[in-house]
Structures are given as structure tokens and as C-alpha cells.
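The values are calculated or read from the model by the stated rules, or taken from the named source; none is laboratory data. A quick note: this is a predicted structure, and the numbers were derived from the prediction, not measured. Here Cβ is always computed from backbone atoms with ideal geometry, including for glycine, and neighbour counts include all displayed protein chains.
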Amino acid sequence: MENRAGSFASKLYGELAYQSFLPSPLPPSPAVMNDRAMTQLLAQAMPTCKVLINQNGRTYKIC
């Protein structure tokens, strides 16, 4: 599966087979557009990130 983020490559065969993710080179093409809609989406996501970070009194770096 090929997309902007990268692709998966099959490794080994038989019972040992697995897929690994191969990220695309940076910077992405086309570039990420930080417009008003993207800014609003990021602002909406931040409270969710804070809830996940503070869950169970532990700190997780996820966003």
C-alpha cells in the first residue's frame, strides 16, 4: 500500500512473515498546508491529547 505517509514492505516468508512500514522522505510532497481549517482541527484535538496525557496520573508524550 503506497501513500503520502509511506508504504509497507513484506519481510521474510511463511510463519516468520511480517510487514514493516517505510516512511516517505521528509518534507512531505505536497507540503502540509497550515490554513485556518487545519488550525481549527489542531485546536480541537489538543484537549483530547491533554486528557490522554494525564490519564491515570501518568505522563505520556503522545502529541
When residue 44 is run through (1) at pLDDT 70 or above; (2) surrounded by 10 or more Cβ atoms within 10 Å (Cβ to Cβ), the failure sits at (2)
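Yes or no, residue by residue, for (1) surrounded by 10 or more Cβ atoms within 10 Å (Cβ to Cβ); (2) at pLDDT 80 or above:
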residue: 6; (1), (2): yes, yes
residue: 16; (1), (2): no, yes
residue: 19; (1), (2): yes, yes
residue: 25; (1), (2): no, yes
residue: 29; (1), (2): no, no
residue: 35; (1), (2): no, yes
residue: 52; (1), (2): yes, no
residue: 63; (1), (2): yes, no
Residue hits (segment 23-43; under 20 Å from residue 3 (Cα atoms), in a loop (DSSP other than H, G, I, E, B), without any contact (Cβ under 8 Å) to a residue 24 or more places away in the chain and not polar (S, T, N, Q)) are 25, 26, 27, 30, 31, 32, 33
